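*Asks:* Here it is: the structure, laid out below.
The values are calculated or read from the model by the stated rules, or taken from the named source; none is laboratory data. Small disclaimer: the values here were computed from a predicted structure and weren't measured. Cβ coordinates were reconstructed from backbone atoms using ideal geometry, including for glycine residues, and neighbour counts include every protein chain displayed.
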Amino acid sequence: MVEINSRKAAIVGCGFVGSASAFALMQSGLFSELVLIDADNNRSEGEALDISHGLPFSKPMQIYSGTYENISDAAVIIITAGAGQKPGETRLDLVKKNVGIFKSIIPEIAKYNKNGILLVVANPVDILTYAAKKLSGFPSNRVFGSGTVLDSARLKYLLGEHLGVDSRSIHAFIIGEHGDSEIAAWSSANVSGVPLHKFCEMRGHYNHAKAMREISENVKNSAYEIIEKKKATYYGIAMSVKRICEAIVRDEKSVLPVSSVQTGEEINGVALSMPAIVGKHGVEGLVPIELNDKEKAELKESAATLKAVIDDVLSE
C-alpha cells in the first residue's frame with residue numbers, strides 16, 4: 001500500500017477555479033508537491049509552468065502536470081473539474097453534465113489513491129460530493145465539499161462592512177445547499193460572543209429584519225453578480241480551498257461549514273453544509289449549532305431540494 005505524503009496535493013481540473021486554487025496553494029507554503037491534472041494536458045502543463053515561475057518569490061515546491069498515476073500518495077485531491085456556470089444558469093442546472101464528468105473522474109482517482117481526502121469544489125458541490133462518495137467508496141469523513149465556506153465568508157464580509165468591524169471577529173454560518181436554498185443561520189450569529197442583534201444596536205442599527213433580508217440575499221446572489229460582470233468566480237473559492245487545506249494539513253480541528261453526507265435522524269442520505277470539525281482525517285464531527293424553528297424548517301427544505309435532484313440524477 002502506498003504511504004500518503006502529507007505535503008502533497010493534486011488538483012483535477014485546471015480551469016479558472018483549479019488554476020486559481022493552485023496559485024493560492026503555491027503561495028501558502030502548505031505543500032511541497034502539487035500535481036495538476038486536466039483533460040487538456042497542454043492546459044495543465046501551461047498552468048504548472050506559469051505558477052512555477054513565481055516560486056523564487058515563494059517557498060520551494062514541485063508543481064507539475066501529471067496523470068492519475070501521479071496521485072497515488074497525495075494527501076488531498078481537489079476536484080474542480082466540470083462545466084462552468086453560465087450567465088443565467090443556476091448551479092443545479094449544471095448537475096447532469098457534471099455528474100457525467102465525475103463518473104469518469106472518480107473511479108480513476110479511487111483506482112490509484114485509497115487513503116487521501118477528496119475535496120470536491122466543482123458545482124453543484126453538494127450533489128457532486130454525494131456522487132463522489134458513492135462512486136469512490138471512500139469513508140464519509142474523507143469525501144467532502146467546499147460547501148458554504150465561501151458563502152459564509154461572504155456573509156462575514158458583508159456583516160463586517162455593515163457593522164464597521166473586522167470580519168474575522170464575526171462568527172456566522174451559511175448552512176444547507178451551496179446555492180439558491182441556502183440558509184443564513186442568524187440565530188447563532190455573534191460578534192466575538194455578543195449576539196448579533198445586540199451588537200447591531202451597539203453600532204446604531206435597529207432595523208434587523210430588513211438588514212438580515214438584504215444581506216442574506218446579497219450573499220445568495222454574489223456568485224450570479226460576479227458571473228454576470230466577469231463571466232466566472234475563482235479568487236474567493238481559491239482562498240476557501242486554501243483555508244480548508246490549512247485545516248487538513250495542520251490538523252487544526254477548525255470549524256468550517258463544509259458539505260458532507262448527513263446521517264442524522266431528520267436529515268439523512270444527502271450532502272449539504274453544516275459546521276464541521278476539519279482536521280487531518282477530514283470531517284471529524286459535526287458541530288450542532290443552535291437554530292430556531294424557521295431555520296430548522298428551511299434546512300429540511302434545502303435537504304429535500306437536494307435529495308430530489310440526487311434521486312433524479314443518480315438513479316439514471
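*Asks:* Can you name the residue in segment 154-181 that is outside any strand (DSSP E or B) and closer than 22 Å to LEU118 by Cβ and, of all such residues, is modelled with the lowest pLDDT?
*Replies:* Only one residue fits best here, namely GLY179.
*Asks:* How many of the residues in segment 53-68 are closer than 15 Å to ALA9 by Cα and either surrounded by 12 or more Cβ atoms within 10 Å (Cβ to Cβ) or in contact with a Gly (Cβ under 8 Å, 6 or more places away or on another chain) (or both)?
*Replies:* 8
*Asks:* Could you tell me which numbered condition GLY147 fails, if it satisfies all but one of (1) without any contact (Cβ under 8 Å) to a residue 12 or more places away in the chain; (2) buried (at least 22 other Cβ atoms within 10 Å of the Cβ); (3) of a type outside the set (A, V, I, L, M, F, W, C)?
*Replies:* Of (1) without any contact (Cβ under 8 Å) to a residue 12 or more places away in the chain; (2) buried (at least 22 other Cβ atoms within 10 Å of the Cβ); (3) of a type outside the set (A, V, I, L, M, F, W, C), only one is false for GLY147: (1).
*Asks:* Given the condition closer than 23 Å to ALA297 by Cα and part of a helix (DSSP H, G or I), answer yes or no: does some residue in segment 117-125 qualify? Break it down stepwise before answering.
*Replies:* Going residue by residue through segment 117-125, those that are closer than 23 Å to ALA297 by Cα are 124-125.
Then drop every residue that is not part of a helix (DSSP H, G or I), which leaves 125.
Within segment 117-125 (the criterion being closer than 23 Å to ALA297 by Cα and part of a helix (DSSP H, G or I)), the answer is yes, since at least one residue qualifies.
*Asks:* In segment 81-112, which residue that is of a type in the set (S, T, N, Q) and surrounded by 16 or more Cβ atoms within 10 Å (Cβ to Cβ) is modelled with the lowest pLDDT? Break it down into steps so the answer makes sense when it comes.
*Replies:* Taking segment 81-112 first, the residues of a type in the set (S, T, N, Q) are 85, 90, 98, 104.
Still in the list and also surrounded by 16 or more Cβ atoms within 10 Å (Cβ to Cβ): 85, 98.
Working: GLN85: 71, ASN98: 92.
If we take residues in segment 81-112 being of a type in the set (S, T, N, Q) and surrounded by 16 or more Cβ atoms within 10 Å (Cβ to Cβ), then GLN85 is modelled with the lowest pLDDT.
*Asks:* If you don't mind, there's one more thing I want to ask. What tally of residues in segment 47-67 results from selecting those that are assigned to a loop (DSSP other than H, G, I, E, B) and under 16 Å from SER32 (Cα atoms)?
*Replies:* We begin by selecting, within segment 47-67, every residue assigned to a loop (DSSP other than H, G, I, E, B); these are 53-54, 58-61, 66-67.
Cutting the leftovers down to under 16 Å from SER32 (Cα atoms) gives us 53-54, 58-61, 66.
The qualifying residues number 7.
*Asks:* Quick one: what pairs do we get from segment 293-316, first residue closer than 11 Å to ILE183 by Cβ, second acidic (Asp, Glu) and assigned to a helix (DSSP H, G or I), C-beta under 8 Å, 6+ apart or different chains?
*Replies:* Final answer for the pair search is none.
*Asks:* Which of the residues belonging to segment 213-231 are surrounded by fewer than 18 Cβ atoms within 10 Å (Cβ to Cβ) and not acidic (Asp, Glu)?
*Replies:* ARG213, ASN218, ASN221, TYR224, ILE226, ILE227, LYS229, LYS230, LYS231
*Asks:* In segment 68-80, which residues are more than 9 Å from VAL121 (Cβ to Cβ) and either at pLDDT below 95 or not in a loop (DSSP other than H, G, I, E, B) (or both)?
*Replies:* TYR68, GLU69, ASN70, ILE71, ALA74, ALA75, VAL76, ILE77
*Asks:* Conditions first: (1) under 22 Å from the mean Cα position of the chain (by Cα); (2) of a type in the set (Val, Ile, Thr); (3) outside any helix (DSSP H, G or I). VAL2 passes all but one, so which condition is the exception?
*Replies:* Condition (1) is where VAL2 drops out.
*Asks:* With the condition kept exactly as written, say whether any residue in segment 165-181 is touching a residue at least 24 places away in the same chain (Cβ under 8 Å), among the charged types (D, E, K, R) and more than 25 Å from ALA303 (Cα to Cα). Spell out the reasoning first.
*Replies:* So the first thing to find is which residues in segment 165-181 are touching a residue at least 24 places away in the same chain (Cβ under 8 Å), and the list is 165, 172-181.
Still in the list and also among the charged types (D, E, K, R): 177, 180.
Cutting the leftovers down to more than 25 Å from ALA303 (Cα to Cα) gives us none.
Checked against the condition, which is being touching a residue at least 24 places away in the same chain (Cβ under 8 Å), among the charged types (D, E, K, R) and more than 25 Å from ALA303 (Cα to Cα), segment 165-181 yields no hits at all.
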